[in-house]
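Handing you this structure, nothing more for now.
Every read-out reported here was derived from the displayed coordinates using simple, explicitly stated rules and does not represent laboratory data. These numbers come from a predicted model, not from an experiment.
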Amino acid sequence: MPTGNLPGLVVELEARIDKFERGLKRANTLQRTSSRTLERRASQSADRMRNS
């Protein structure tokens, strides 16, 4: 493999890793938000059952 292509491959790999990390961060934020919403709804449901 010619070594002249290596810097381009490194840059492309770094870009893909950055994109992957951004995707993970976005997924983590979405999961955290969804979990909080689910917990809030469960708590509200339990309160309604208790008060009925």
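Per residue of segment 40-52, what does 6.51 cos²θ - 1.76 cosθ + 1.60 with θ = phi - 60° give for ³J(HN,Hα)? Whole Hz please, x for Gly and Pro, Karplus curve as stated.
5, 5, 5, 5, 4, 5, 5, 4, 5, 5, 5, 8, 9
Per q in 0.16, 0.28, 0.29 Å⁻¹, report the Debye log10 I(q)/I(0) for the chain, using one uniform scatterer on each alpha carbon and no solvent.
-0.65, -0.95, -0.97
From the phi angles alone, apply the Karplus equation (6.51, -1.76, 1.60; θ = phi - 60°) to segment 7-15 and give each ³J(HN,Hα) in whole Hz, x where the residue is Gly or Pro.
For segment 7-15, the Karplus curve yields x, x, 5, 5, 4, 5, 5, 4, 5 Hz.
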